[in-house]
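Notes follow the structure.
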Amino acid sequence: MSTNNSNDKPESSSSPTRTSVSRRSILAMLGVGGLGTVGVLPRVASAHHPDAVTDDPTESDEHEGHRGLTGHGAPDPSEPLEEHDAAVSDVVSDGPSADVVKNLALAGRGERLLPNGTTDVWAHEGYAYVGTFNTPCGTGAGYVDGGEVSLQEDLLGPGIAVFDVHNPNKPEYVGSIPSVAGSRTNDVKVANMNSGQVLAHSNEACDGGPGGFELYNVDDPTAPMHLASVQTDDINGFLRDNFGYVDFGVHNLWFFTQGANDYIAAVVESEFGNFQIFDITDPSNPEFVSGWGAESLFDPNVDWASTTDFAQILEADAYLFGGFGSSQNRFLHDVTVNEEGTRAYLANWDAGLVLLDISDPANPTLVSQAIDPNAGDGEVNSHQAFPNEDGSVVVETEEDFDPFELTFEITSGANAGEYPVAEGAITEPIVDLPDGTMSGPTTYVGLGCEAGSVLPAPSPDHIAVIQRGDCTFTSKAQNALDAGYAGIVVFNDAARGDALVTMGGDPVDIPGVFVGHSTGLAILGVNDVSEVIPGASGAPVEVVSGYGRWGNVRIWDYSDESNPQLRSEFDTVCSANPGDPSCDPRGTYSVHNIIVEDDMVYISWYSDGVLILDISDPANPVEVARYSPSGQDFEDQNGGIQDVWGIDKEKNSPWIYASDRNGGLYVLKELGSGSENRNR
């Protein structure tokens with residue numbers, strides 16, 4: 001069956017189909033060529049950026065799923081990782097020597113040599129379940145809507161790979177739960193519900209498939225029974241009815257129970273209501289209960305599910321696609337619910353860590369917002385959060401795939417100084433230039449849309465200053481390259497002001513950045529663009545790209561949950577200093593996911609491996625264990641360098657389960673006390 005969360009819409013009797021409207025057609029319906037308040041389309045190896053937008057609303061150059069009201073829903077949270085995979089795919093390195101603390105040992109392997117292919121892991125009652133990323137995308141083979149399915153015998157195929165881990169030292173592959181055609185299975189969870197053991201996995205389109213999530217009964221994990229396919233829509237009826245805001249991907253899930261009622265919390269990639277609760281007491285007939293989103297932080301007095309005020313909706317859209325640093329959005333990324341099922345910890349990216357009271361699942365209410373824009377590198381990027389048992393301490397991760405920082409400076413003249421900047425997604429990475437620098441005198445070339453209209457560069461070191469408008473960024477960049485310029489600076493038009501976007505489109509072999517409208521005028525030394533003509537000289541500029549830092553861990557004191565306080569941050573050598581010689585240039589050194597048990601935090605930290613922190617003193621976290629092998633022998637057996645995505649742990653036992661994106665399932669054993677402690 002298919003369940004829709006919009007109570008005023010009929011149920012469908014088949015799996016959901018993608019009926020949503022593309023970003024460009026929405027812009028055409030609105031009669032605009034794009035707004036400045038748009039989201040995040042990073043190009044790793046330079047910086048996280050805002051949305052990739054062209055000036056031609058008929059040309060679509062963004063990834064499917066990267067959307068907003070000016071597009072269609074929240075950014076696809078996995079896009080930065082996809083970009084990073086592509087950016088480092090041809091890097092060759094021997095890697096660093098592992099820095100391994102000797103009290104975390106490898107016990108067993110569920111080998112799955114699928115490069116960049118394995119996602120999350122969840123262990124439950126003797127079985128471990130791992131998901132699959134974009135490749136291979138779901139085929140639908142073996143999928144049965146509302147009935148018993150046969151596990152697929154395809155370890156390297158899509159879907160949920162199931163391992164028998166009753167003997168943790170020797171995991172045995174027993175088959176894969178089928179995938180939905182055209183979708184990936186990013187997240188998987190299993191829990192004991194009132195109706196039995198229930199498995200949920202998320203759906204995110206990787207080849208035009210549906211979003212939402214699937215529910216299975218796995219009382220016998222070797223004979224799963226499909227229970228329901230749930231479609232997830234925007235909570236706002238106006239957006240559903242007028243813009244096709246239906247069938248969004250789900251990125252993460254969490255089960256919880258209150259008495260006789262079972263629920264699942266879903267992270268939905270919609271515009272409004274990213275946090276959605278479904279009643280699955282009867283898991284074959286899930287019912288939408290409620291939705292909440294960061295738009296309620298923007299204005300808590302608006303009923304965001306029912307408003308039809310389009311100006312109000314656009315104002316909220318601008319807030320949701322704003323934020324801190326270069327990766328600016330305030331959409332939900334992950335959720336954890338406490339064991340009592342009364343508190344939901346929402347990692348809301350640049351809205352920070354949000355605590356909701358869900359004692360009444362139909363009416364989530366805000367308890368607090370924990371945010372410190374000065375922490376780490378100022379990106380915020382709240383990715384996941386996990387409380388300790390009594391909720392007095394909450395550990396939060398900041399996911400950041402941008403190890404570089406970009407600065408833009410007018411180097412002389414009356415307007416000399418630094419200005420905000422975003423690097424292009426289509427241009428040559430500035431970090432790859434000599435000294436990671438683009439600098440030189442500037443020349444204004446107007447809109448730069450016609451090849452013949454771009455005056456030749458006065459000298460090979462000149463940088464073209466170009467106004468946004470009328471044609472694609474690709475055309476502007478190519479015409480400047482053909483005219484002999486060493487780089488480009490595109491500045492926003494007056495209507496869209498100082499909003500920064502990432503220039504998207506087809507790649508052009510020229511470095512380039514995007515700046516606000518006022519910055520463009522400052523370069524040209526005028527008050528209005530009408531005061532300057534093509535060929536005029538501007539002030540010299542310098543753009544420098546250098547190492548910054550990756551994402552780290554933040555530890556919050558929630559003893560007063562209405563007023564959380566940041567107690568400490570934790571970095572590894574490579575997250576704090578990507579240029580350290582010990583850091584493999586192929587590596588991803590952002591933190592990812594966590595599990596908290598007692599005073600210990602169990603962490604998947606991509607290329608830093610699996611870490612355990614002791615947070616008995618939240619102000620002074622201490623690393624007590626790490627599993628971080630490297631070298632050619634390890635890469636051969638892992639199918640690539642270490643790249644740990646998921647983490648799970650059997651409560652009150654030494655067994656830890658980690659999923660490596662390249663190598664599959666790892667079962668680790670936490671050894672006894674007396675091992676080396678290390679604070680890094």
Estimated distance in nm for a label pair at L155 and N374, the labels positioned 7 Å out from Cα along Cα-to-Cβ: 5.2
Kirkwood Rh, angstrom, the stretch 145-292 [1 / mean 1/r, Cα pairs]: 15.8
Where N is the number of residues in the stretch 593-680, Cα Rg divided by 2.2 N^0.38 Å: 1.08
Among T472, V541, P429 the positive-end extreme of the charge dipole of the stretch 404-547 (Cβ point charges): T472
Separation of alpha-carbon centers, the stretch 119-183 and the stretch 192-226, rounded to whole Å: 10
The chain - Rg (one decimal) and Dmax (whole number), Cα, Å: 24.9, 76
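Want the number for N192 to Q632: 0.36 nm per residue separation, take away the alpha-carbon distance, what's left?
Taking N192 through Q632 to full extension adds about 154.3 nm, to one decimal.
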9 Å beta-carbon shell around I280, net charge (K/R +1, D/E -1): -4
FRET efficiency, A451 to V573 (Cβ-Cβ, R0 41 Å, nearest 0.05): 0.25
Segment D164-S359, length gained on full extension (0.36 nm per residue, minus Cα span): 66.6 nm
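Charges only on Cβ, +1 for Lys and Arg, -1 for Asp and Glu: so what's the dipole of the stretch 365-466 about the Cα centre, in debye to the nearest 20? Write down the numbers at each step before the final one.
Working: 0 positive and 19 negative charges, 127 e Å.
The calculation lands at about 620 debye.
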Charge dipole of the chain about the Cα centre (unit charges at C-beta), most positive-ward option of G664, H592, G157: G157
Residue order, fewest to most surrounding Cβ atoms within 10 angstrom, among T474, T502, T407: T407, T474, T502
Estimated [θ] at 222 nm from DSSP helical runs (n ≥ 4, -39500 (n - 2.57)) normalised by residues in the chain, nearest 500: -2500 deg cm²/dmol
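Take the Cβ-Cβ distance between E172 and E597 as r, set R0 to 35 Å, and report the resulting FRET efficiency rounded to the nearest 0.05. Write down the numbers at each step before the final one.
On the way: r = 26 Å, r/R0 = 0.75.
In this case the efficiency is close to 0.85.
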Formal net charge of residues neighbouring D299 (Cβ-Cβ distance under 14 Å; K, R +1; D, E -1): -4
Long-range amide H partners of D461 with built H, under 5 Å: none
Å³ per residue enclosed by the Cα convex hull of the stretch 481-633: 223
Label-point separation in nm, V302 to T342, each point 7 Å along Cα→Cβ: 3.2
Gain upon complete extension [Q258, A495; 0.36 nm per residue less C-alpha separation]: 80.3 nm
Stokes-Einstein D in µm²/s, Kirkwood radius over Cα pairs - the stretch 404-547 at 4 °C with 1.567 mPa s viscosity: 89
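Values in this text are rule-based calculations from the coordinates and carry no lab data. A quick note: this is a predicted structure, and the numbers were derived from the prediction, not measured. No Cβ is skipped: glycine too gets one built from the backbone with ideal geometry, and neighbour counts run over all protein chains shown.
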